[in-house]
Amino acid sequence: MPTFRVPGADLDVELSDEGGHPVVQLHGLTSSRHRDRLMDLDLGRGLSRTRLLRYDARGHGHSTGRTVPEDYRWPVLADDLLNLLDHWFPGEQVHGVGPSMGTGTLLHAAVRDPGRFAGLTLLVPPTAWRTRAAKADLYRNNARLIEEQGLDAFLGADLTAPRPPATVGTPETVPDVAEHLLPSLLRGAAMSDLPAPEAISAIKVPTTVLAWIDDPAHPVSTAEALVGLLPKATLEVAHTPADLARWPSILCEDVERHG
């Protein structure tokens, strides 16, 4: 796979070129292209006749990174994304899709360069604004736990957490991140939040928000707030694995419609 240099990291990049509209697919915190595939969040697998760019964010999967928490703040990840798009799809409008941290990255990028995107498909938006502080404390506590007791102690707590009903049947997965980088990633996430509501309300591209129930890290309240702020947004909420299985086809419809 080709790599792309950004300040402080080399990003592992994959382009599936079948012609057609450009699409960029992101992943969530501690995940990767490979891990999202296992978690049924690789929505791009259903696309055809597109130019689909997938990549591992800095510090994740096969991309490199530094033990610098500030490197993993969402505005920095948005810089990485916009640099990638300038290289792979110069001067073109792109459809963006991604879960959680990927949603945060896409929204920061769209605020900074609103003309870059033809449409957005935002999956399981994370805690934001009023719900963010408690999650940030948890990230910082987990970073200390890993440093003091090791990765196994963190995984022992993480894997016992209840799973959203829509994800029943998907395999248990572990972070696709090197252990020495994980505390920095978590602290970078603790420093991050979605853009301010007034900035999000200025994003005028068509957007679909896909959420699932019973996940405190990705509350439906964030998805509902985004749909209330974005001028051209719709919401779909998954309650079951069958609902989740529809998401790739929703992305296909979004790309066809917005492209």
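The values are calculated or read from the model by the stated rules, or taken from the named source; none is laboratory data. Computed from a predicted structure; not experimentally measured. Reconstructed Cβ throughout: ideal geometry from the backbone, glycine too, with neighbour counts over all protein chains shown. Please note that ligands, DNA and RNA were not included when accessible areas were found on the heavy atoms of the full protein model with its side chains. Shrake-Rupley method; radii C 1.70, N 1.55, O 1.52, S 1.80 Å.
With respect to (1) at pLDDT 95 or above; (2) within 17 Å of Ser31 (Cβ to Cβ); (3) in a loop (DSSP other than H, G, I, E, B), the lone exception for Asp214 is condition (2). Within segment 1-13, being part of a strand (DSSP E or B) and open to solvent by 40 Å² or more (accessible area, probe 1.4 Å) holds for Thr3, Arg5, Asp10. One residue stands out in segment 218-258 among those that are part of a loop (DSSP other than H, G, I, E, B), open to solvent by 20 Å² or more (accessible area, probe 1.4 Å) and touching a helix residue (DSSP H, G or I) at 6+ places or on another chain (Cβ under 7 Å): the one that is nearest to Pro99 (Cα to Cα), namely Pro219. Filtered by the rule that a residue be basic (Lys, Arg), open to solvent by 40 Å² or more (accessible area, probe 1.4 Å) and without any contact (Cβ under 8 Å) to a residue 60 or more places away in the chain, segment 35-82 gives Arg37, Arg49, Arg51. State yes or no: is Leu84 assigned to a helix (DSSP H, G or I), within 25 Å of Leu210 (Cα to Cα), modelled with pLDDT of 95 or more and touching a helix residue (DSSP H, G or I) at 6+ places or on another chain (Cβ under 8 Å)? For Leu84, the condition - assigned to a helix (DSSP H, G or I), within 25 Å of Leu210 (Cα to Cα), modelled with pLDDT of 95 or more and touching a helix residue (DSSP H, G or I) at 6+ places or on another chain (Cβ under 8 Å) - is not met. For Ala196, state whether it is open to solvent by less than 70 Å² (accessible area, probe 1.4 Å) and without any contact (Cβ under 8 Å) to a residue 12 or more places away in the chain. Against the criterion (open to solvent by less than 70 Å² (accessible area, probe 1.4 Å) and without any contact (Cβ under 8 Å) to a residue 12 or more places away in the chain), Ala196 qualifies. Read through the list (1) of a type outside the set (D, E, K, R); (2) surrounded by fewer than 16 Cβ atoms within 10 Å (Cβ to Cβ); (3) touching a strand residue (DSSP E or B) at 6+ places or on another chain (Cβ under 6 Å), then give the number of the only condition that Val23 fails. For Val23, the exception is condition (2).
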